[in-house]
């Protein structure tokens, strides 16, 4: 989707907050829980100056990025191999089809037992979740490579390995980046889920869970949630922008969500 | 003139579900160094199969292809191909300059860039090097593909219907461009086309193929001299006679095919 | 290659992997990693016990209900708003922002505000509606100009236009959104049940973890995988039927099928 004009979209966001404010001040919803933005935003500003909160945010974002990086390092080569060697793909696809549907959050209890509550747990789980979109996008992109591109390269005496790096990889790159964009959201969600469940872990999820207990600090819950949304929004927009900037030559892979 | 390309008793059969498809059968011809030979035949007659076999992209089921007396086995290193579908044969992620540099891997960087610039200048695209193929018109994209083939300095340039997807005006321009650069660089060219006029206008010789399975029915020399002109040459008696002759042969070739079907 | 050889190739590696897993776990004797045969045995007794009605059915029911509600809301709103340029200029960023909130973070908010026993449904609806909505909008926008002109030339009614032209044109994208949100729904079901619930698969998963019943825990994990696979396959089969008129499955639709 194209980004709408900035003024209109800002007006839209302002309206969202106005409706939220009005709903919270009227008796339509329990105002104790849905704190109005006029309370939530000052709380967010206060929290951003709080080192404990900042440490939690940094821990979450760092784990997300680390997991995403590891997932790329595993999934891109794996996707290239599976995409270019049909026998390997046939042989391993059954295992992949068996593993992929297992929601990574279902592995949280197991991971906590085996890895403990440290950052390893959330990073491992997030890698598992973030792997699939990148792997499948890389693999499918290789299926879609124009055979004429390969023939052209081969006619100029390009060897098999060189065709993989000089033709297959660049033409798959936009789809890989789309996979990375989808995986960021998954990685962030899995990291936060793990933090929600594993009491001892430092992170945004843990902070919000603690703030929510008993419903005493709902402004902090909402502030943290809004911040997480902003992080996701910024990452998504940033990667979309990167896509447009780097792959200006490509239009077909642009609209992938 | 020494022989550049020799095709001897070439045959290729594609295996298929409903019986094998015999695309090329008993094809033999030679191309001398410096010649421009046009292969003309009805659509779907196996011209592309022939070209792919010469380029080493497929291994023919029968017969041999030799380049300068050496039998072709795999993709020969001294050969370049220009395909009909320029939009799919240029790499969209590379700039025009980098597309032309693509096959020049072995050379030092500065030399690569210089050769690419030179080739682009010879097709009149010296200003377009930093653009991406998607930003160019169809005719300009095909110029880039030609420049890429020229920059590679092949002993043999194969062209598969190179001007079939551009408009008539651009086509004339590109035909004259081809005649000019092959004279300047003394390249040997084998050009496959279904257009009779084009084959006569461009070729030193015209090979007429029958419909699938393709085999040579005639090998006609073209006595139009080196200097050709889109208007004068096409109006000359020699041109008109030759064109009629090729058309006659092609019609005959397809009549045989029709008769077989009945 | 013969069909038999293909099937052999496909399953041989899987069989070898399971055999290796069995061997390795037997050899290691690590209680955290029980052999697959033990897991299968436990699964057989667990899945088909009263737990089916006590935990599997209620949790899965809530998930499917939430997803269906989100789908209905998302498609209806998306079709309505997608054809209006100004509406999306104002609301596009709002929807994208809402979708960017990591869905599991909704759990603490809804637990506190709605209560632990009833928070699953609103959490799932709120978490899954955005992908459907945004994909529907995208699809509704993609009606090509020729179809718009054709519809105007034939003076189609508003209903005919919406149901006969816009909805089918948007269908491939809608399905991509539905599959994405189905996988989110499964994740949210598990997270919600892990954090707090009286029943459900996630609830049983936590119980098994606290009691150190490792085979049971593995059996529940496998069940979640089976459910994820089953729902995705069913939706895909339905999609193939509904989109049989489409020339082929685009890369786009396939790549969106991979939720976490």
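The figures follow:
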read-out	value
Residue check for residue A:188: at the interface with chain C (Cβ under 7 Å from one of its Cβ atoms), within 10 Å of the chain's Cα centre (by Cα) and within 30 Å of residue B:93 (Cβ to Cβ)	yes
Residues that are over 27 Å from residue A:197 (Cβ atoms), away from every other protein chain (no Cβ under 12 Å), part of a helix (DSSP H, G or I) and touching a helix residue (DSSP H, G or I) at 6+ places or on another chain (Cβ under 6 Å), drawn from segment C:59-85	C:71, C:73, C:74, C:75, C:77, C:79
Segment A:113-126, residues that are assigned to a helix (DSSP H, G or I) and more than 7 Å from chain C (Cβ to nearest Cβ)	A:115, A:119, A:120, A:121, A:122, A:123, A:124, A:125, A:126
Qualifying positions in segment C:217-247 - away from chain A (no Cβ under 11 Å) and in a helix (DSSP H, G or I)	C:219, C:234, C:235, C:236, C:237, C:238, C:239, C:240, C:241, C:242
Residue A:69 vs. criteria within 13 Å of chain C (Cβ to nearest Cβ) and closer than 30 Å to residue C:182 by Cα	no
Test: residue in segment A:21-31 that is farther than 16 Å from residue A:228 by Cβ and touching a residue at least 24 places away in the same chain (Cβ under 8 Å)	no
Residue count, segment A:26-46 (criterion: assigned to a helix (DSSP H, G or I) and surrounded by fewer than 12 Cβ atoms within 10 Å (Cβ to Cβ))	1
Positions within segment C:100-119 being over 15 Å from the mean Cα position of the chain (by Cα) and in a helix (DSSP H, G or I), in sequence order	C:100, C:105, C:106, C:107, C:108, C:109, C:110, C:111, C:112, C:113, C:114
Every residue from segment C:124-144 that is more than 7 Å from chain A (Cβ to nearest Cβ), surrounded by fewer than 24 Cβ atoms within 10 Å (Cβ to Cβ), in a helix (DSSP H, G or I) and more than 15 Å from the chain's Cα centre (by Cα)	C:141
Those residues of segment A:202-220 which are farther than 15 Å from residue C:195 by Cβ and not in a helix (DSSP H, G or I), in sequence order	A:202, A:216, A:217
Looking only at segment A:131-166, and only at residues there that are more than 7 Å from every other protein chain (Cβ to nearest Cβ) and within 24 Å of the chain's Cα centre (by Cα), the one that is nearest to residue B:74 (Cα to Cα)	A:142
Residues of segment C:74-85 classified as in contact (Cβ under 8 Å) with a residue 24 or more places away in the chain and closer than 24 Å to residue A:10 by Cα, total	7
Some residue of segment A:86-100 being within 11 Å of chain C (Cβ to nearest Cβ), over 21 Å from residue A:161 (Cα atoms) and not in a helix (DSSP H, G or I)	yes
Condition check for residue A:195: more than 30 Å from residue B:98 (Cβ to Cβ), within 14 Å of chain C (Cβ to nearest Cβ) and crowded, with 24+ Cβ neighbours inside 10 Å	yes
Of residues in segment B:77-90 being more than 8 Å from chain A (Cβ to nearest Cβ) and surrounded by fewer than 20 Cβ atoms within 10 Å (Cβ to Cβ), the one modelled with the highest pLDDT	B:78
For residue B:182: the one exception among (1) under 30 Å from residue B:22 (Cβ atoms); (2) touching a residue at least 60 places away in the same chain (Cβ under 8 Å); (3) outside any loop (DSSP other than H, G, I, E, B)	(1)
Selected residue [in contact with a helix residue (DSSP H, G or I) (Cβ under 9 Å, 6 or more places away or on another chain), without any contact (Cβ under 8 Å) to a residue 60 or more places away in the chain, assigned by TED's automatic domain parsing to the domain that holds residue B:204 and assigned to a strand (DSSP E or B)] from B:39, B:24, B:65, B:7	B:7
Residue that is free of Cβ contacts under 8 Å to residues at least 60 places away in the same chain, surrounded by 13 or more Cβ atoms within 10 Å (Cβ to Cβ), over 26 Å from residue A:189 (Cβ atoms) and more than 9 Å from every other protein chain (Cβ to nearest Cβ), where the choices are C:45, C:25	C:25
Scan of segment A:199-217 for residues that are within 10 Å of chain C (Cβ to nearest Cβ), surrounded by fewer than 22 Cβ atoms within 10 Å (Cβ to Cβ) and in contact with a helix residue (DSSP H, G or I) (Cβ under 7 Å, 6 or more places away or on another chain), ordered by number	A:215, A:217
Residues of segment C:109-123 that turn out to be facing another protein chain (nearest Cβ under 7 Å), touching a residue at least 60 places away in the same chain (Cβ under 8 Å) and in contact with a helix residue (DSSP H, G or I) (Cβ under 6 Å, 6 or more places away or on another chain), as a count	0
Per-region count, segment B:66-76, residues more than 10 Å from chain A (Cβ to nearest Cβ) and either closer than 27 Å to residue B:174 by Cβ or surrounded by 21 or more Cβ atoms within 10 Å (Cβ to Cβ) (or both)	1
Some residue of segment C:86-108 being more than 8 Å from chain A (Cβ to nearest Cβ) and touching a residue at least 60 places away in the same chain (Cβ under 8 Å)	no
Count - residues of segment B:133-143 that are within 12 Å of chain A (Cβ to nearest Cβ) and in contact with a helix residue (DSSP H, G or I) (Cβ under 6 Å, 6 or more places away or on another chain)	1
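Here is a yes/no grid of residues against (1) in a loop (DSSP other than H, G, I, E, B); (2) surrounded by 16 or more Cβ atoms within 10 Å (Cβ to Cβ); (3) in contact (Cβ under 8 Å) with a residue 12 or more places away in the chain; (4) in contact with a helix residue (DSSP H, G or I) (Cβ under 8 Å, 6 or more places away or on another chain):
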residue: B:92; (1), (2), (3), (4): yes, yes, yes, yes
residue: B:104; (1), (2), (3), (4): yes, yes, yes, yes
residue: B:111; (1), (2), (3), (4): no, no, no, no
residue: B:126; (1), (2), (3), (4): yes, no, no, yes
residue: B:131; (1), (2), (3), (4): yes, yes, yes, yes
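The values are calculated or read from the model by the stated rules, or taken from the named source; none is laboratory data. Keep in mind that this is a model prediction, so the values were computed, not measured. All Cβ positions, glycine included, derive from the backbone under ideal geometry; neighbour counts span all protein chains shown.
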